[in-house]
Every structure is written in structure tokens, then in C-alpha cells.
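The values are calculated or read from the model by the stated rules, or taken from the named source; none is laboratory data. Quick caveat: nothing in here was measured; it's all calculated off a predicted structure. Here the Cβ is made from the backbone with ideal geometry for all residues, glycine too, and neighbour counts use every protein chain on show. Each accessible area value is taken on the protein alone, full model and side chains, heavy atoms only, with ligands, DNA and RNA left out. Shrake-Rupley method; radii C 1.70, N 1.55, O 1.52, S 1.80 Å.
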Amino acid sequence: MNEEKNNGKIIEEVTSGEYKYGFFTDIETETTPKGLNEDIIGFISKKKNEPEWLLEYRLKAYRHWLTIEEPDWALLNHPPIDYQDIIYYAAPVQKKTLDSLNEVDPELLDTFNKLGISLDEQKMLTGVAVDAIIDSVSVKTTFQDTLSKHGIIFCSFSEAVQNHPELVKKYLGKVVPYTDNYFAALNSAVFSDGSFCYIPKGVRCPIELSTYFRINAANTGQFERTLLVADEGGYVSYLEGCTAPQRDENQLHAAIVEIIAHANSEVKYSTVQNWYPGDKNGKGGIYNFVTKRGLCEGYNSKISWTQVETGSAITWKYPSCILRGDNSIGEFYSVAVTNNYQQADTGTKMIHIGSNTKSTIISKGISAGYSNNSYRGLVRISKKADNARNFSQCDSLLLGDKCGAHTFPYIKTNNSSAIVEHEATTSKISEDQLFYCQQRGIDSEKAIGLIVNGYAKEVLNKLPMEFAVEAQKLLAITLEGSVG
Amino acid sequence: MGLSKNKYFPLELSILKHYNDNHNGIYNSCHPKVKETRDSAIVQFENIRLPLTNSEKWRSTNLQDLYELEYLMGDEKPVFDKHINEIFQCNVRGFDTNVFSMLNGWYYNSNTQQIHTLDDGVIIGSILAAQKAFPELISKYFNEIASPSTHGLLAANAAVFTDGIFIYVPDNVESKKAVQLINMVNRDSNIMINSRNLVILGQNSSLSFLHCDDSINQHPAFLVTNTEVFLGENAKLDLYKLQNLNNWSTLANSTFVQQESNSKLKINVLTFNGGIIRNEFNIDLIGEGADADVSGIYLMDKKQHVDNQVMLKHSAPNCTSNEMFKGVLDESASAVFNGYIYVARDAQKTLAFQKNANILMTNEARIDSMPFLEIYADDVKCSHGATVGQLDKDALFYLMQRGISESDAKLLLMYAFVTEVTGKIMIEPLKVSIDDMVKKRLRGDLSICDKCVLHCSTPDIPIEFEIDLSKI
């Protein structure tokens, strides 16, 4: 009994742990009025000095968006979003183009330092190239020179539109067309910036590429778009992180990530998502509606998604792989943690089209507080995908008796040579494990941290080193001791 | 009754017309609850309409073509002129049952009295007659758990059902002999049949119930059956559903079960043949210690389609459930499995398991498997697994190198694959005949039986595999 009480206390302490990235930086921003119409889209496009075809693309997307309805199939509950009450463009005012970090607004640099993403330090010490996106605009990309020696293009999306229009035109919307879904259509109409990366034939990107997203201004939505192309034989490992200030209103984030992997190439995409999740009463937080999809276009190509989802009031996200090339491989490793009143409906789609395609899905859901955490995934083996192989494992851990853990796998098989396996378990931390740790002198809080980390290890191991450390800390902050 | 924006399908119009033509007549049922159910269900039907593939639960089962057809609704009550055995023979050796039958949606019996009390105390008869004989039971149970608003077919069924079977096992009555219901269709034109069954098991009672759906001729029929089952404390029900219809038939079978504490339910669904078969089970464990075991096999070929939807709701703590569905799909057959385990907030100490395994024989065959879990309690053990694959190549090789022909070896392995489900059948003679049917079905010998599914089996002459034992 005593122990239970003790555990209860720990839950309270831990679940009341504050979001430490919730500060707001007062930097001058330029914004459009609230609301969305063709003029706003025209404004964004003009602001970015975009070619005619891109404006056309945006308008087509917008007109399509008007004809469709917000999806309601996910196990998510939120008040209706008023799309006319959102500012669709907000950018830190930049007086001139920047050549070095010294010229970046010191307030802005300070922001990134607070986030632990010191652009400067990153550049010097870790050798990770960072593209930082604040509100809607990319503010600084580091290491561009080093990368360009290898022929790698890594820049903001707007720069790519100006400098490499042929590549953008060729690949934009190829994997996620604007007709794909409601949020993809919205993003295609209003996306303001994002990252663009192109790995040329046979090039192995020597450093990790990283994008850091931050929503800063109030009442804004963030709509960024990432396009990543690995040409034949290319390799890249790409990281993505995100935070937002603490506000009482909900803010919308609707991003698109498109990956194209040509023959023999490999793309590893890792995300640590830590948008503001709302306070412990469920007030505020980011609505995160993201479409992420990779196309294994060529023979032997491979796309691997790793995600650690700890933030956002609402997460609606299904990083997927279309395995079109023969022998291509898709992977999805996910740890999704929800606490307080967070809701997550996340998973993946593995579409097997080529023969001898393989996919692996490892999903670890952890729910605490009053949160709901769902895995929703599709594995489709099409008629021509001979010898396709899928293995899925979706485990859920429940910490506390007020939360929910759900699993919704869809398996659609149309080929007799396919082998598809799905396994899932749901349980709480076993008392035996806890007792075993405790009788070794580990207090219950640490023991739970240890067990949860062990539980998520399979996924955390897939993260690049720098991120793995951050993710582990994040897990500890979000969950330590949340067991009743 | 205003028409909505979208045009009604011919079948929807027939249903509405049929209700309007009859609601002062035969549907002016004597029991107020039944009348009330019909009246509110038709309004619901107008709103929700027949299910289309744009609703999540019907995404993989498309009935739209059928809605375009003209159906004969609510056939006249057939005059009893032949004994059931003349139309239909069912004489599995050693399998002694109390046989009751439904013909074209009507309770079919020689006796003018439509409610009978069997020797062991089980009360059985027509649900129409039960309204007069047991008004208090109808008030208490009828339409309590079946929710017509689930989808349009159930709403239509509630509004225009013709008849159905009523079974009441009073408290402490243990049935000695299995009850067998044979639901037959014999009509020369397209016919839609809506039947509604009610099964009530009192405290400490038990029953074995075998429900067979068979067609006698080769005409298309659209059968919608809705069964409500109530299990009192410590009650025990074994329910077997045998489905062997012609390839032009459509069967939408919904079973709603509510289980009080420590009751035990065992369901075995054996699908051998049928055009489109949809089985829905909604099982709600409301009393502590209740146990549900739902299993099924489907062995389909040609263009047949089977859709099993199993919702298992754990509303009370300390309940256990087990779902196991296995299927072999040949030619252009398709199957859907959607298992759903729902564990309510305070249903602690729940144990729930779910498994679906499939073998695809051709690239034309298709399986959609959706094993879902929705869990709101933390002290639970729930797991689910789904597999799609082929026969184990090593096992096949092992058998073949013992001199067994490839086709026989495959047959043996497929047979072994489904015995995990058929092995759960508790009635020995039934198990023997089902085993036999499985073998025949896997060989392709059994498509639609000319008579009863059980009749086709002659346990005296067991089916032999063509195995030369001397070589083993």
C-alpha cells in the first residue's frame, strides 16, 4: 500500500514536470493577417519570389483543399480547428542575407542556445549541418560549404526554388501529391519554407544533416515542407527536431516530408518531436498533423524512419514507405510517449509493390496520465509484390489507469508468396521487474526509467548518437516514475 | 419520410415499401416493445441507409450491386406440408439433436402450437409466438443489446423481420440434447429474408446450439439474421454456426451477446461456402469472471467473400477472452477479419488474446486482416497476432521425402492448420463430421451440398488420404 502511495507521489511529481522549451523570444516578425484565401497564397508566393508554376501549384492545392473535409477516422478528440483564425505566414525580419553566424540576430541565436541547439557550437564541435527554421522561414543553414564540395545540396526550400528550380519541379509533390489528404492539401497551398536536400549519384553524405523547427510567434501555423532526394547509390542520415513556446491557445503544425530514394540509395530519417504538449490540464499545445512519406523508387533502395514522439497536444502522423523498386526495404521505428491529456494517433504504411521487398515495423507506445496513444498502421502487399516480407511489432505500455493504449493494424495481402506477421502486446510494467530493481537498491523512480528505456531501446538504438542521448533524456523527463 | 439527397437504391425502396404496406398489418405486432422497435428502426433506416464501402466498417465488403436488385420481401408464411426431413436430411450418426427449422424466414413446424417445452426443460419456438407466451421476457430482453443503428441492414432487420427462433433455458436447467436450427432458403426468385432470434439462458443453465444456414436451390438470396443472446450468471453456451450456402447468396449475420458474471461462451463459426458472408459478433462481458472464446475457420474459393467482425468488449474486471480465426483462401476468394478488443476503464485484470492466421493459395486471393486493440485499463494482458503466409516449406519437404505426394502433403498441412480451430468443437460426432467436411472442402470435393452440410458426411466411410502407408 505504502509503495503504491509512494509511486502515486512520484507520478505527480514527474507528470507535473514543466516543459522546458516553453519560452518565447521577442524577435521582430513579419506576419500576414489571419485567415486564408487566394490573396494570402499569392502574397506568400510573391514574398518568396516564386516562379509562376509554383504559385499555380499552390492555388490548385488550395482549390482542392476547399472541396475536401478534415479526416475524422483517427482516435483523436479536439475542438474544430478554425482555419480562418490562423496566421499563415510569420517570419523573423531579416535585414539582409547572412554570410556567417555572426550576422544572425543575437536574440535568435540566444533562442537556439536555450534550445541546446547552439548553431555555433554545433558547427564547431559536432560536425552536424543544421538548417534552423523559425516560424515559417529558414533562418540559417550551417556547413553549406563543406557539403557543396561533395555536390550535396542542403539548403532552405526557398533557396532551392531559386537556385535549383528544375530539381524542385521534378520532385515536388511526387510522393505526397496535394490531393493526398486534407492537411497535405493545406500545406501544399501555404507552405512557407522548409529544407531541401539532394544527394548526388554515388555520394555518401559525410555528416549528419539536421533541421530544427521552432514555432515562435503567437496564433501562427507552421507549414514547412521537406524534400529529400537521394540519387543512385547515395546515402544520407537526416535528423529533425522541433519545439514551440508555451501558450494557452492551440497552434497548428501541418508539415510534409517527401523522400525519394533512387536505386541502391539509403535514407535514414530521424525525428525527435517535442512540440509543446499543452499543460497538465490539457490546455494549449501544438496540433501536429504531418504527412511523411518516402518512395523507394529504385532497385535495392532503403528508407528508414525513426521517430521519438514526446510532444504535441495532438499527433497525427504516419511516416510511410512505398516500396516500388525490387529488393527495396522500408523500416519504421517509433517510440511515442503521451502524458497528461496528450493524444497521439501515429504509425506507418508500408506499401509493397516491387518484388522481394521487405519492411519492418517496431512501434513502442507509452501512455501515462489521461492520455491516449494509438498505433495505426497499414501493410499492403500488392498482387505483383512476390516474396514480400513484413514483420510488425507494436507494443504498448500503460502507466496509470486513466490512460489508453490502442493498436489498429491493417494488413491487406494480395499475393500468395507474401509473409506478413504482426504481433502486439499491451501491458503495464511488471511488478516483478520493479521489485527486482528495487531490491537491488534502485529506487522506484530510477527503476521505472530504466525499464522504460529498456523497453524503448530497440528504437532508441536506431537513432544517431547525438539524438539518442537527447531522446533518452526526454523519455526520462516525460515519464520517470509514472507507474501506479 | 422525406427522400434524402441521394437516390434510394431499389432494395431500400422495397424495404420502405414493405414496412409501409405492413405496419398496420402483420407488423402491428402484439407486443408493444416489438412494435416500438420496428417503428423507431425504420426511421433510423431512413437516416443511415444501407451500408456502403465509404463507411470504415464496410470498406472491404461491397454489397452495392445487390442493392440494385429487386427482391421479394417477406414471403408468405409457407404452408407446412412436408416434414422437415423430407426437404432436408440431417442424420449424422451419433449426433442426436432437437431439430428446428426456419423456411424462407418463417418458423417451420407441423404443430400449430408454436412454442414447445422440451423434455429437459428448454423452451423453444417462434419469436412471434413468444410475444404472447412470454411477454415479460420480451419486455426485458428484446432489442436490449442489438443496436439497430449500428448499420442499415440491422435497422432494416429490426423494422421488417418476419419471424425467428426464441430459446429460453430457465434458471438451473441444463440442456441434455443439442438444439439444432436449420435456416433454409427455398424460393424460385430473389428473396430477402430478415429473421430475428432471441436466446436467453438463465442462471446456472447450459445449452449447445447449432445454427446452420443452408440454401436448397441455386437462386440468389439475401439473408439478414440478427441474434440476441443473454447469458445469466454461471450460464454456459456452446454456439456453432455452420455456413454452407450457394455462391449467389449473401448472408449478413449479426450476433449480440451479453454475459453476466462467470458465464462461459464458446462460439465456433465454420464457413464453408457462400457468395458473400458477413459475420458480426458483438460480445459484451458485463459480469466479473465471464469468459468468451470465439473461433472460426473459413475455407473459401471461387469468388466467395467472407467478412468476420468480432467485437469483444471487456466491461467488467477479471474477464477472459480468446479469439482465433483461421482461413485458407483459394482462387479469387477474399476474406476480411476485423477483431476488436475493447477494455473499458475499470476492467482490470483482463486477459484478452486475439489471433488471425491465413494462407493464400493464389495471387488472386485476398485477405484484409485488422486485429485491433483499444485499451483503457492498465493492469491487463492483451495481445494479438496476425499472419499471412504459406505452408511451411520444410514441413512440406519432410512429408514429400516420406513418399507423400505433393498434393496430399499440402492437404495434410492445411488440415493441420485448421484443426487448431476445429479441435475446439466439443460435440464429438459434430467434430468428426466437420473434420470430414474440412478434408473434402480442402480437396475441392465439397462445394455446395445438395442437402445438409452435415448430411454429406458419412462417418462410416472416412475420407482417406491417398497415402501409401508402406512407404512411411
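Residues of segment A:153-312: accessible area per residue at 1.4 Å, in Å²?
On the way: 3760 Å² over 160 residues.
Ligands and nucleic acids excluded, the result is 24 Å² per residue.
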field: Under-5 Å amide H pairs with B:Phe281, H placed in peptide plane, nonlocal only
entry: B:Thr255, B:Gln309, B:Val310, B:Met311
message: Quick check: Cα centre of segment B:147-205 to Cα centre of segment A:172-193, how many Å?
response: 51
query: Taking every residue in B:336-346, how many Cβ atoms of other protein chains lie within 10 Å of its Cβ, on average?
result: 2
field: For B:Leu181, distant residues with modelled amide H under 5 Å away
entry: B:Phe100, B:Leu210, B:His211, B:Cys212
Peptide-level mean, for B:359-365, of C-beta atoms on other protein chains within 10 Å: 4
message: With +1 on the Cβ of every Lys and Arg and -1 on the Cβ of every Asp and Glu, and nothing else charged, how large is the dipole of chain B about its Cα centre, in debye rounded to the nearest 20?
response: 380
- request: Just name one of B:Gln114, B:Asn244, B:Asn356: the one whose Cα is farthest towards the positive end of the charge dipole of chain B (beta-carbon charges, Lys/Arg +1, Asp/Glu -1).
  value: B:Asn356
- prompt: Of A:Ala261, A:Gly294, A:Gly282, which is farthest along the charge dipole of segment A:260-326 in the positive direction, counting Lys and Arg as +1 and Asp and Glu as -1 at C-beta?
  reply: A:Gly282
query: Normalised by the number of residues in segment A:377-429, what is the relative contact order in percent for Cα pairs under 8 Å and 6+ residues apart?
result: 54
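Summing Lys, Arg as +1 and Asp, Glu as -1, what charge do residues with Cβ under 10 Å from the Cβ of B:Thr61 carry, B:Thr61 excluded?
Working: positive: B:Lys57, B:Arg59, B:Arg278; negative: B:Asp307, B:Asp368.
My count for the surroundings of B:Thr61 gives +1.
Which value does Rg/Rh take for segment A:259-308 over its C-alpha atoms, Rh per Kirkwood?
Working: Rg = 15.9 Å, Rh = 13.0 Å.
With Rg and the Kirkwood Rh in hand, the quotient comes to 1.22.
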Cβ crowding within 10 Å averaged over residues, with B:114-120, B:362-368 ranked highest first: B:362-368, B:114-120
message: Please list 3J(HN,Hα) in residue order for segment A:376-391, calculated via the Karplus relation 6.51 cos²θ - 1.76 cosθ + 1.60 where θ = phi - 60°; whole Hz, with x for glycine and proline.
response: 9, x, 10, 10, 10, 10, 7, 4, 8, 7, 5, 6, 6, 9, 9, 10
Mean separation of Cα contacts under 8 Å (6+ apart) over length of chain B, as relative contact order %: 10
Phi to ³J(HN,Hα) by Karplus 6.51 cos²θ - 1.76 cosθ + 1.60 over segment A:171-182, Hz, x for Gly, Pro: 9, 4, x, 6, 9, 10, x, 5, 7, 4, 7, 3
- line: Amide H neighbours of A:Asp326 at under 5 Å, excluding residues fewer than 5 places away on the same chain, with H built from the backbone geometry, are A:Tyr299, A:Asn300, A:Ser355
- prompt: Convex hull volume of the Cα atoms in chain B, per residue, in Å³?
  reply: 145
message: Please report the net charge: other residues with Cβ closer than 11 Å to the Cβ of B:Ala365, K and R +1, D and E -1.
response: 0
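Sorted by packing (mean other beta-carbon atoms within 10 Å per residue), highest first, where do A:358-368, A:308-318 land?
On the way: A:358-368: 24.5, A:308-318: 26.0.
Top of the packing list down: A:308-318, A:358-368.
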field: Per-residue ³J(HN,Hα) for segment A:419-430, Karplus 6.51 cos²θ - 1.76 cosθ + 1.60, θ = phi - 60°, Hz, x for Gly and Pro
entry: 10, 10, 10, 10, 9, 8, 9, 9, 7, 9, 5, 6
Part-to-part distance (alpha-carbon centres) for segment A:298-353 and segment B:254-310, which is given in Å: 33
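Work out the mean other chain Cβ neighbour count within 10 Å for the residues of A:394-401 and drop it here as an integer.
Details: counts 2, 1, 3, 1, 8, 1, 1, 8.
The mean count of partner-chain Cβ atoms within 10 Å per residue comes to 3.
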message: Longer than 18 Å from Cα to Cα, which of B:Lys236/B:Lys266; A:Lys283/A:Lys364; B:Lys264/B:Lys424; A:Lys280/A:Lys428 are they? Say none if no pair is.
response: A:Lys283/A:Lys364; A:Lys280/A:Lys428
